[in-house]
Amino acid sequence: MARSALLNVMVQAALKAGKSLSRDFGEVQNLQVSVKGPSDFVSQADLKAEKIVRDELLKARPTYGFLGEESEEEKGTDGAHRWIVDPLDGTTNFLHGIPQFAVSIALERNGEIVAGVIFNPATDELFTAEKGGGAFLNDRRLRVASRRVLSDCVIGCGVPHLGRGNHGKFLVELRHVMGEVAGIRRFGAAALDLAYVAAGRIDGFWEVDLSPWDMAAGLVLIREAGGFLSDMKGGTDVFSHRSVVAGNELIHKQLLEVVNRPIPSN
Ligand code: IPD
Ligand code: CA
Ligand code: CA
């Protein structure tokens, strides 16, 4: 599989940051049993990974802007291009020694995401996509699942927790979705969740209160794998709306209807 020069830059940055996260993940597993726990250590791992990604990307394309979760946005002199990066998506998993986390890197051109890389160093799974070039898991071409009815589907989601999200609203969404599907999963790393939709591992996904770096790379992966996505209201501006619903064309439509069903009156 031939990758463009640009995608290669992104892959190299993701692999390098992934190596650092992998080493730190080993240490986190040891720190689980310490009294202090691994929290401070994990914040450092996160910052270190972002610095690695930033340095690699800006070395290759010094004029591009950079939006990373862990730092102030840097405007580039090239107004058309911006990197959007989550150096460690799935922090809670990482902190707890659960091997479901990833580095996520996307490239935005004139407001559109044109390339994305999501790398889970714990499983060595590298998801890549470039607009018009298809989506891949390592060297394998990806396609979203082809199930046609929600009743056959396994659907991923995010779940609000202490201090985060609208618990009541989520419970209504969950109540409606769980009555219609074959299974629900909450894996805890939104970038990987979207990559899993692209890979056909889950048939659909919805989550609210997400940031651009959680979604950016996954958006191009899903589109290039033949999938459909929107914000929770069916619109196209997932970044402003901070939410996403995804699946193949049919499942996206059905899931969107179900998550928006009104609160039952009883
Ligand atoms: C979080 C993960 C999680 C999602 C949260 C995100 P972080 O990102 O993607 O799955 O439910 O909304 O904030 O904090 O681990 O980078
Ligand atoms: Ca994230
Ligand atoms: Ca993060």
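Values in this text are rule-based calculations from the coordinates and carry no lab data. Model, not experiment: these values are computed from the prediction. Cβ: placed from backbone, ideal geometry, glycine included. Neighbour counts: every protein chain shown.
Of note:
- Amide N of the range 152-166 lying under 19 Å from the label point, which is placed 7 angstrom from the Cα of ILE263 along Cα→Cβ: 160-161, 163-166
- Zero-based 5 Å bins, Cα pair distances in the range 19-114, whole percents: 3, 14, 23, 20, 14, 11, 8, 5, 2, 1
- Top positive-direction residue, dipole computed over the range 5-141 with Cβ charges, set SER43, LEU95, LEU6: LEU6
- In degrees, nearest ten, helix 5-31 long axis to first principal axis of the chain (Cα): 80 degrees
- When only the Cβ of Lys, Arg, Asp and Glu is charged (+1, +1, -1, -1), the dipole of the chain relative to its Cα centre reaches about 460 debye.
- For the set LYS16/LYS131; LYS51/LYS169; LYS75/LYS131; LYS51/LYS131, the pairs lying more than 30 angstrom apart at their alpha carbons are LYS51/LYS169.
- Lys/Arg +1, Asp/Glu -1 at C-beta; the range 150-259 dipole; positive extreme among GLY168, GLY200, ALA182: GLY168
- Note on GLU112 and ARG140: the model spin-label points, each 7 Å out from Cα along the C-beta direction, lie 3.0 nm apart.
- Ranked ARG185, ARG141, ARG82, ARG54, criterion: other C-beta atoms within 10 Å, fewest first: ARG141, ARG185, ARG54, ARG82
- Chain lengthening between MET178 and ILE98 when straightened (0.36 nm per residue, less Cα-Cα): 26.3 nm
- When both bridge partners sit in the range 1-128, DSSP labels roughly 85% of those beta bridges antiparallel.
- Contact order, relative form, for the range 5-141: 22 percent (alpha carbon pairs under 8 Å, 6 or more residues apart, mean separation divided by residue count).
- Potential lengthening of the chain between ALA5 and GLU249 amounts to 84.7 nm, from the contour at 0.36 nm per residue minus the alpha-carbon distance.
- Of all DSSP beta bridges confined to the chain, the antiparallel ones make up roughly 80%.
- Estimated dipole of the range 5-141 in Debye, rounded to 20 [Cβ of Lys and Arg +1, of Asp and Glu -1, Cα centre]: 340 debye
- Modelled label positions at HIS167 and SER34, each set 7 Å beyond Cα in the direction of Cβ, lie 3.2 nm from each other.
- C-alpha center-to-center spacing [the range 154-221, the range 73-97] in angstrom: 19 Å
- Estimated at 0.36 nm per residue, the fully extended path between SER71 and LYS51 surpasses their Cα-Cα distance by 6.3 nm.
- 0 to 90° range, to nearest 10: angle between helix 167-178 axis and the chain longest Cα axis: 70 degrees
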